[in-house]
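See structure below.
None of the figures in this text is laboratory data; all of them are computed from the coordinates on show. What you are looking at is a predicted structure, and each value in this text was computed from that prediction instead of being measured. So basically every Cβ, Gly included, is an ideal-geometry build from the backbone, and we count neighbours across all protein chains shown.
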Amino acid sequence: MAVASRTPLPGAHGMGERIVDALLSGRGIWPAVPAIIVLTVVAVIPFVILLSLGFSDIEVSRGAIASRTFSLEYIANALTDPLYWTTFQRSMTLALTTTALCVFFGYPVAYLYLVGGRWTKRLILVLTIAPLLTSGIVRTYAWLVILGGRGVVNSTLMGLGLIDQPLRIMNTHWAVLIGMVQIHLPVMILPLIAVMSRHDTRLMEAAANLGASHLGTLRTVIMPLSVPGIGTGAALVFTLSYTTFVVPQLLGGGNYLNAATMIYEQVVYSLEWSKGSVSSMILMVTCLIVLVAIALVTNHFTRWTQGRDA
Amino acid sequence: MMQGPSGPATIVATTSPVLRIGGVFKRFGAVTVLDNCSLDVAEGEIVTLLGPSGCGKTTLLRCIAGFWEADGGSITIDGQDMARVPVNRRPVGVVFQSYALFPHLTVARNVGYALRMQGMAQAEAERRVAAALETVSLVGLEHRYPAQLSGGQQQRVAIARVLVMEPRVLLLDEPFNALDAKLRGTMQVELRQLIKSLGLTSIFVTHDQEEALTMSDRIAVMRGGRIEQADSPNEIFDRPATAYVADFIGSSNFWPAQVVDGQVALPDGQSVASALQGPVRVMARPHNLQIAPPSAGPWTGKIVFQRPVGPLIETHVETDGGGVVKVVAMRRESERAFAHEALVSLHIVSPALCAVYPD
Amino acid sequence: MSLFRHSSLSDALGIGLILAVAVFSLLLLVAPSIIVLMISFDTRAFVSFPPEGFTLRWYAEVFEQGELVDAMLNSLQVGLTVTLLCILLGVPTALVCARGRFRGTTALSVFVLVPHMVPGIVLGVAVLFAGALVNVSPSIWLQSVAITVFILAVMVRTVQSRLLRLDPALEEAAANLRATPFQSLRTVTFPLLLPAILAGAVFTFVEGFDNLSVAIFTHGFRDRPLPVELLALVQYTSSPLVAAVSGVQIVLAIAALVAVSLSIGLDNVND
């Protein structure tokens, strides 16, 4: 479509309609203005304020800011405090591990979607989308039931006589990891399926015709073509698991401190808003760095898509 | 007689034209898509814009419809300048390549759409819809949705939908593209007869020369945003104004030559007159060439390929001077006389029908 | 799979392994919900597996607990407000993003996407702080607006992708057939966008209803939304009550799923 030319203004009947017509036919930015205003007031300005509060010494009383003075103290503290380093490192490790495991468990599902029949495809879609429509807390709660002292895993293992004492899984790193992977798995599978369903099935037929085996076709045709899906899924899973609050809080038993729980405590319990600002900024910046890295890796493996009209 | 280009031919209409396109320019960024296009279309005439993709034919159509605004020049319908007239006020009906039928409306509501938008009384609108459906033989399908129709039926809905508006100019943008090859031929003839019976002034866009030759009263061959030649199908075929038109329409043979004293020597020893100077290119249609035994003339070669084309046979001869020449003849004669790889001589049947273009 | 006739043993084993992982993953996706549903009918007052007996007592109790019912109503209000705002703000924005003829439509698409890409808790903290600066304290309205900003991109993208798949000739045809831009919007574009708007509405409603990351910082002190209430409940109680709440949510999720599949079809959720 052309950029430059403008359709001439058509005539309309009523005054109101004439205004709507003017807004629509110009193909200008006007219909989006309310959204732009709301986004600016409720997102852009708050981000700027968040940034500025990180450079301030704030006193909070009754949910309002009583006083603020310029200070580099909190930024300096955050960069030297070992607590920050260990917390963010823990969050980062957890999120990266979760992302990797989600690829590992999610990719086969997408492959099954690709090769499966109509009902298999539908079943996979239902099982993937349904969890996204239930709350994260409900899904995490399920793991309390499964991994708890009298939960599914322990009952089964004891019933089989494999262990005498219930294993302590809850409130460990493992419980958090298992919960994270399961909760974020759908977010990985959906973009993969999206990419897969765009594949031309004739490509697979061509590969088979050229003598490729199942695994060969998967490795040489399907996987390279699904890299963009892996990239999208990984970016989503990483962002969510790096900044999640629910899973560590519930399955970590309250003493598993990750970046999100730390921010929550700083902002809501100890009312250290300057610290909260700095932590939020670190969270955002580190998250962005990983997202850029994921994008760069994805681009590297999808150079073939950067053709004429990329 | 046929002596190279004398500029695009223009038909002098006896009455004033319905549609007048005067020196239209259109640029997209640095690219000039329409370069000084001029064309007059007379009452009831079907004019085809023919050319390869990117030649500007669709752009010109979209400028007439008002989807795009021309950057220069004028478009007038019945003497009224269209520059300030919005799309929905132009007396123009467009049949889109994809038909653009509204998928959520029934056939009857698709056809009556324009009338509802104009706020026509329901009874009158229904009467007109029924009449339009009658015209395109779609009676009985009023309550179907577009997805429930065949390609040919969809095309007829698209036509009925613009017919109810009684447009002054009908614009058809490659309307046969979505149909399969077999249906295309019959639909072309039907559509031409329909448009002719309604006396609608029409512009028809296509890249298919067969379609153009079937549908048109006049063909405007476009290239690089310019109209190279606008003439009747026969004129375009027999007297192409430029080497480009000759090459684009029908099959042709070209070879280089020199003009000496107003004459161009042809390879078989004959000659043709030309007003041009210096190096030229000579064009002969394959049916203007004849194959004879090798001793019959000075222009000789070897048959490298033969194929039947309907009642004709097409023969490719590799000449001794290099280059391949295409010859078309009635099937009986050539088949009997010459086998594959046979040595032959070539003759130009009518030197006057050879065209000479500047090199 | 009959495509490959001469597959070797190792090939079959490899593919078998991959498919086994796929089946395991699918079980992993569905098993927790089923276990929660089973627990929600348990007769005992503590969570244990396997459940014993069958009772609807916990479901009855959900609706007897004033705080839970209030929280549900609050979340319902947030969900509806968010959905309404997203439709009002998002649909026109999608029209501009998909059909605008000025430079900067891409910039606009990115601008809408940014709040969605920022971690929810960062947005929540930012809105809380900004509110505090201008004396706007957390409330159900602040929460609704903040979640709207967070999820607006989903509505815009759902509608925009539908718009991009619509034949642009349809709107041109409407204009050619004498429709004014407003008539064209009302009679052609909007009816064709309706399924996408409905699908977007389901997703924005679910986000408004279930969002915790933004809500935890912006919700009103007295108007606690369901996720905040549930978080406390899960942490401090061990009865199957939570399982019953989860059961209610799972039923709602299935309803939402049916709504989506009827409006745009599950295959199009991604675009």
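List of remarks:
- Taking the charge dipole of the stretch C:61-268 about its Cα centre, with +1 at Lys and Arg Cβ atoms and -1 at Asp and Glu Cβ atoms, the residue from C:77, C:151, C:125 reaching farthest to the positive side is C:151.
- Of the residues C:244, C:163, C:220, the one whose Cα sits farthest towards the positive end of the charge dipole of the stretch C:61-268 is C:163 (charges of +1 on Lys and Arg Cβ, -1 on Asp and Glu Cβ, taken about the Cα centre).
- Looking at chain B alone, DSSP beta bridges between its own residues are antiparallel in about 75 percent of cases.
- Measuring nothing but how far apart in sequence close Cα pairs (under 8 Å, 6+ apart) lie, relative to its length, chain C scores a relative contact order of 30 percent.
- Its relative contact order, with pairs defined as Cα atoms under 8 Å and 6+ residues apart, puts the stretch A:84-309 at 27 percent.
- Residue order, fewest to most surrounding Cβ atoms within 10 angstrom, among A:61, C:246, C:40: A:61, C:40, C:246
- Counting only residues at least eight positions apart within a chain, or on another chain, the aspartates and glutamates with an alpha carbon under 14 Å from that of residue B:57 are B:35, B:173, B:174, B:208, B:228.
- Between C:198, C:185, C:241, the GNM of chain C built on Cα springs shorter than 10 angstrom shows C:185 fluctuating the most.
- Label point at residue A:271 placed 7 Å out along Cα→Cβ; residues across the stretch A:29-71 whose backbone nitrogen lies under 15 Å: A:58-68
- Euclidean distance between Cα centres, the stretch C:85-99 to the stretch C:219-238, Å: 33 Å
- Net charge dipole, the stretch C:55-129: roughly 720 debye, given to the nearest 20, about the Cα centre with Cβ charges of +1 for Lys and Arg and -1 for Asp and Glu.
- Under 27 Å of direct C-alpha separation, and excluding same-chain neighbours fewer than eight residues apart, residue B:326 reaches these lysines: B:302.
- Of C:150, C:209, C:49, the one that fluctuates the most in a GNM where chain C has Cα springs shorter than 10 Å: C:49
- Comparing Cα centroids, the stretch C:109-128 and the stretch B:291-357 end up 76 angstrom apart.
- Here the protein assembly as shown carries DSSP beta bridges of which approximately 80% are antiparallel, counting only pairs with both residues inside.
- Here the residues C:58, A:85, ranked from fewest to most Cβ neighbours within 10 Å of their Cβ, fall in the order A:85, C:58.
- Among B:172, B:138, B:183, the largest mean-square fluctuation in a Gaussian network model of chain B (Cα springs under 10 Å) belongs to B:183.
- Per-residue [θ]222 nm for chain A (sum of -39500 (n - 2.57) over DSSP H runs n ≥ 4, rounded to 500): -21000 deg cm²/dmol
- Beta bridges per DSSP with both ends in the stretch B:141-250, % antiparallel, nearest 5: 50 percent
- When A:223, A:196 are arranged by Cβ crowding within 10 Å, least crowded first, meaning fewest neighbours, the order is A:223, A:196.
- Under 17 Å from the Cα of residue B:182 - lysines, other chains or at least 8 residues apart: none
- Across the stretch C:1-107, the mean sequence separation of Cα contacts (distance under 8 Å, 6 or more residues apart), normalised by length, yields a relative contact order of 10 percent.
- Distance between the modelled labels on residue B:104 and residue C:44, one decimal in nanometres: 5.5 nm (7 Å Cα→Cβ projection).
- Local net charge near residue B:50, Cβ-Cβ under 9 Å (Lys/Arg +1, Asp/Glu -1): -1
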